[in-house]
1. Run the paramagnetic zone check for Ser2: 7 angstrom along Cα to Cβ, then residues of segment 22-36 with backbone nitrogen under 20 Å.
2. Rank-order 127-139, 85-97 by packing density, defined as the average count of other C-beta atoms within 10 Å over each peptide's residues, highest first.
3. Between Val284 and residues 5 or more places away or on another chain, which pairs have amide H atoms under 5 Å apart, with H built 1.01 Å from N, and which residues are they?
4. Based on the Cβ-Cβ distance of Glu209 and Glu63, what FRET efficiency does E = 1/(1 + (r/R0)^6) give at R0 = 41 Å, to the nearest 0.05?
5. Under a 5 Å amide H to amide H cut-off, with H placed in plane at 1.01 Å, what residues pair with Val31 once short-range neighbours are removed?
6. For the chain, find the longest principal axis of its Cα atoms and tell me its angle to the long axis of helix 196-206, 0 to 90°, nearest 10.
7. Contour minus end-to-end for Val98 and Arg322, with contour as 0.36 nm per residue of separation and end-to-end as the Cα-Cα distance?
8. Between Thr67, Thr230, Thr173, find the one with the highest GNM mean-square fluctuation for the chain; connect C-alpha pairs within less than 10 Å.
Amino acid sequence: MSHWLVTGAAGFIGANFVRLAAAAGGPRLVVLDALTYAGNLENIADLVADGRVEFHRGDICDEPLVTGLFARYRFDRVVHFAAESHVDRSILGAGPFVRTNVHGTAVLLDAARACWKAQTGDPLFLHVSTDEVFGSLEPGEAPFTEDSPYRPNSPYSASKAAADHLVRAWQHTHGLPAIISNCSNNYGPWQFPEKLIPLMILNAIDGRELPVYGDGMQVRDWLHVEDHCTALLAMLERGQPGRTYVVGGNCERANIDIIRRIASEVDALLGKPAGSAAKFIRHVADRPGHDRRYAMNAAVLRRELGWQPRHDLEGALPSVVRWYWENREWAARIRSGAYREYYEKQYGARA
Ligand code: NAD
Ligand code: DAU
């Protein structure tokens, strides 16, 4: 039987991924997640309870643990999501980013290499990375492609870029079969509410300030998380080892437009007069080194692997807003303790 190691699947994208992979059936899904502040077993509790996913709490930097899992399951696929993922936190302190994103990736690569030396078949290491490794685009500049040069600007993106380079090096030097996926900004259910979209939805629901960094004209290319996950499944099934694939929603929006849109969706959901939530929009100090624009050209993925996104942002946003409303208890449980301390440090206000 095929066994997949999925790292970081108690987080946002990994949780959505194992849901989709479990629904498709087939491989045995083994999750390794340290349950950091961003990891939440609740996100996949139903899958763990009914045995569709086997969960191991542990750190990807823990070499004996990782090698032990490889020895036990002889994984034929690794889907590597585990990371420190929030840019603002990487500005407050880069240590955990270097440790998990760089060292942790090296530990996984070594364990896979050692295991796969003695294994037949077609194993594959799928490294889940980000568009941020390519830096920032000027207005009017062509979107990033698989050939864009690396120009990471934040400690987060630098640590992800380092991890991408390690994957390339293990592929090149050791012949490790690997694919790198560089994806744009995701939105959807189970996203930790420090990220723009869930933060704005929950703050608008609670009548709290909606903090816009700088002028709010920074552009991101938004992709529904389910479409990111189908792209990853296509790479796992039909992708070519040694390749990079760029993933994006062809959906460039300025932050301020997204925030206004969310505010009006929340008004509609709560039956409030138009403009109620938008009154809480506040321009605050900009993020240091803030990347101005990201955009991805996913033509290769579409052409070669037949991938198509199913969702568009405007169509999907009402159901995403509703999801956070219906799951506000889930969010309330997260938005306590350590989250409050972070929020005060980041925004100088009470969560
Ligand atoms: P997330 O922060 O929601 O989840 C990260 C998960 O990794 C958490 O469950 C956490 O507990 C786990 N983790 C962290 N350190 C660990 C360690 N040392 N050992 C084991 N587990 C650990 O992140 P996300 O938004 O789901 O992103 C997942 C991956 O996708 C990341 O690699 C990120 O760089 C990449 N990515 C994210 C986006 C996005 O828009 N969110 C876009 C492109 C790529
Ligand atoms: O592009 C892919 C990346 O997208 C992923 O690699 C990262 O893991 C993920 O966190 C995300 O990074 P961003 O920095 O783009 O996402 P974030 O949600 O933090 O911010 C989105 C934009 O909104 C960004 O321009 C900063 C802005 N912003 C964010 C917050 C939290 C605000 O204006 N106010 C806020 O309070």
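1. Zone members listed by number: 22-32.
2. Details: 127-139: 20.7, 85-97: 17.5.
Peptide ranking by packing, descending: 127-139, 85-97.
3. Val212, Tyr213, Gly214
4. Numbers: r = 44 Å, r/R0 = 1.07.
The computed FRET efficiency comes out at 0.40.
5. Val6, Glu54, Phe55, His56
6. For 196-206 against the chain, the angle is about 40 degrees.
7. Working: separation 224, 0.36 × 224 = 80.64 nm, distance 3.58 nm.
Stretched fully, the Val98-Arg322 segment lengthens by 77.1 nm.
8. Largest GNM mean-square fluctuation: Thr173.
No value in this document is a laboratory result; all are computed from the given coordinates. Here the structure is a predicted model, which is why all the values come from computation and not from measurement. For neighbour counting, all protein chains shown are included, and Cβ atoms are generated from backbone atoms with ideal geometry for every residue, glycine included.
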